[in-house]
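Notes follow once the structure below has been shown.
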Amino acid sequence: MSEPSPMSSNDTPAEEAAAVGQGDRAMSIDVVSIFPEYLAGLQLSLIGKAVERGQLGLNVHDLRDFTFDRHNTVDDSPYGGGAGMVMKAEPWALALEHILAGRPAGEAKPTLIVPSPAGEVFDQRIAEDLASRQHLVFACGRYEGIDQRVIDWAGERFELRPMSIGDYVLNGGEVASMVMIEAISRLIPGVIGNPESLTEESHEDGLLEYPIFTKPASWRGRDVPEILLSGNHAAIARWRRDRRLEKTAEVRPDLLARLTDLSGEDLAALERFESERGTVTE
Ligand code: 6GU
C-alpha cells in the first residue's frame, strides 16, 4: 500500500501548539487509484502540513494491491461491446472493504466521492458541505469507468456522491480528486494559517476578488490606485466592494444574478457600471 509519508514542517512551536489546539483530527481522506504517485502533490504546502500536524488523515491506496492475478488486472472489455475498457468490480470492492474495516468505531457512514464527468458539478457550496464530514473516500476511475454493480454495492455502504469538476473530459479521476481535496481541506479549521483569508475570497460570498497591489507604489509607469494610499479605510472598503461588483458583472453575470443581499449602494454602483459600459460601447 502506498501511504505517503508526511513532509517536514517549518512551523514555530507556538504555531504548532495553536494548530493542535483546534482539536482532534478533523477529517480523514482515503484515495484509491491505479496511479497513487499522482496524489503525491497533496503532501506539499498547507495540506501536507495539516497531515503532519494530525489535523487531516490522508491515505492513498493502490487499486492493484487488491488484485491477485499475475498481471494485477484491474480492467476488462465492456459487456455489450463498445470502445475502451471497464474497471472490474472486485478490486474496487476489496479496496473499499479495506477502508471500511480500518475506520474508527462509531464513525458515521463515510462519503464516497466518485469523480466522473457525469456527476453533480462541484462548487464552493459543495466543498463547504464536504468539509464538515468525518471521512471522505475518493474512488479514482480510469478508462471508460467502473462496473456499475460495485457502484451500486458501494451505495449501500457509503454516502455516494458522483462528482464532476466541470464540463470537459479528463482521462481519470486523479486530477479531479486533487482539485476537490484541495478545495475541501483548506476549509478545515486550522489547515489555513489565517482564517480571515478565507472570508474575502472569490466564491465565498458569490463575488469575484478585487485587484490587489504591493510595493512599489509606482512600477514601470503604472501607479497603485490613489485611494489605497489614502488611509481612509471606509473609502477603501467601498472601492474594493465596487471593484468586486464591477468584475463580477463583467466576467460572471451568472454569479451576480444569484445574489440576494446586495445593498442600495451595491445596486447604485452596478447601475453606474452598466451605464458607463453602455457609453463606451456605443
Ligand atoms: Cl471528476 N472525472 C473525469 N474523468 N473527467 C472529468 C471530471 C471528473 N470532471 C470533469 N471532467
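Against the condition out of contact with any Leu (no Cβ under 9 Å at 6 or more places or on another chain), assigned by TED's automatic domain parsing to the domain that holds Leu187 and at positive phi, how does Ser116 come out, does it pass?
no
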Looking at Arg149, is it away from the ligand (no atom under 11 Å from the Cβ) and assigned to a helix (DSSP H, G or I)?
-> yes
Criterion violated by Val86 - all others in (1) surrounded by 15 or more Cβ atoms within 10 Å (Cβ to Cβ); (2) within 16 Å of the ligand (Cβ to nearest atom); (3) farther than 22 Å from Ala50 by Cα; (4) under 25 Å from the mean Cα position of the chain (by Cα) satisfied = (4)
Arg142 being buried (at least 16 other Cβ atoms within 10 Å of the Cβ) and within 9 Å of the ligand (Cβ to nearest atom) = yes
Give the range 33-82 a look and list any residue that's crowded, with 18+ Cβ neighbours inside 10 Å, under 17 Å from the mean Cα position of the chain (by Cα) and of a type outside the set (S, T, N, Q), or say none.
-> Tyr38, Leu39, Leu42, Ile47, Gly48, Lys49, Ala50, Val51, Leu56, Leu58, Val60
Filter the range 100-130 down to the residues that are within 12 Å of the ligand (Cβ to nearest atom), of a type outside the set (Asp, Glu) and assigned to a strand (DSSP E or B), then identify the one that is surrounded by the most Cβ atoms within 10 Å (Cβ to Cβ).
-> Ile113
If a residue has to be in a loop (DSSP other than H, G, I, E, B), hydrophobic (A, V, I, L, M, F, W, C) and farther than 26 Å from Gly84 by Cα to count, how many in the range 152-187 make the cut?
-> 2
In the range 230-267, what residues are surrounded by fewer than 17 Cβ atoms within 10 Å (Cβ to Cβ) and β-branched (Val, Ile, Thr)?
-> Ile236, Val251, Thr260
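Results for (1) within 14 Å of the chain's Cα centre (by Cα); (2) within 29 Å of Asp62 (Cβ to Cβ), shown as yes or no for each residue.
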{"site": "Leu160", "(1), (2)": "no, yes"}
{"site": "Ser164", "(1), (2)": "yes, yes"}
{"site": "Ala183", "(1), (2)": "yes, yes"}
{"site": "Ser197", "(1), (2)": "no, no"}
Glu201 within 20 Å of the chain's Cα centre (by Cα) and more than 16 Å from the ligand (Cβ to nearest atom) = yes
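Table: residues versus (1) more than 13 Å from the chain's Cα centre (by Cα); (2) surrounded by fewer than 17 Cβ atoms within 10 Å (Cβ to Cβ); (3) more than 16 Å from the ligand (Cβ to nearest atom).
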position: Val169; (1), (2), (3): yes, yes, no
position: Leu187; (1), (2), (3): no, no, yes
position: Ile192; (1), (2), (3): yes, yes, yes
position: Asp205; (1), (2), (3): yes, yes, yes
Among helices (runs of 4 or more DSSP H) completely within the range 188-282, the ones holding 2 or more residues that are aliphatic (A, V, I, L, M) are 233-251, 253-257, 264-281
List every residue pair whose Cβ atoms sit under 8 Å apart, with the two residues 6 or more apart in sequence or on different chains, where the first one lies in the range 162-182 and is without any contact (Cβ under 8 Å) to a residue 24 or more places away in the chain and the second, anywhere, is more than 6 Å from the ligand (Cβ to nearest atom).
-> none
All positions within the range 171-185 that are of a type outside the set (Asp, Glu) and within 16 Å of the ligand (Cβ to nearest atom) | Asn171, Gly172, Gly173, Val175, Ala176, Ser177, Met178, Val179, Met180, Ile181, Ala183, Ile184
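The values are calculated or read from the model by the stated rules, or taken from the named source; none is laboratory data. Because the structure is predicted, anything quoted here is derived from the model rather than measured. Reconstructed Cβ throughout: ideal geometry from the backbone, glycine too, with neighbour counts over all protein chains shown.
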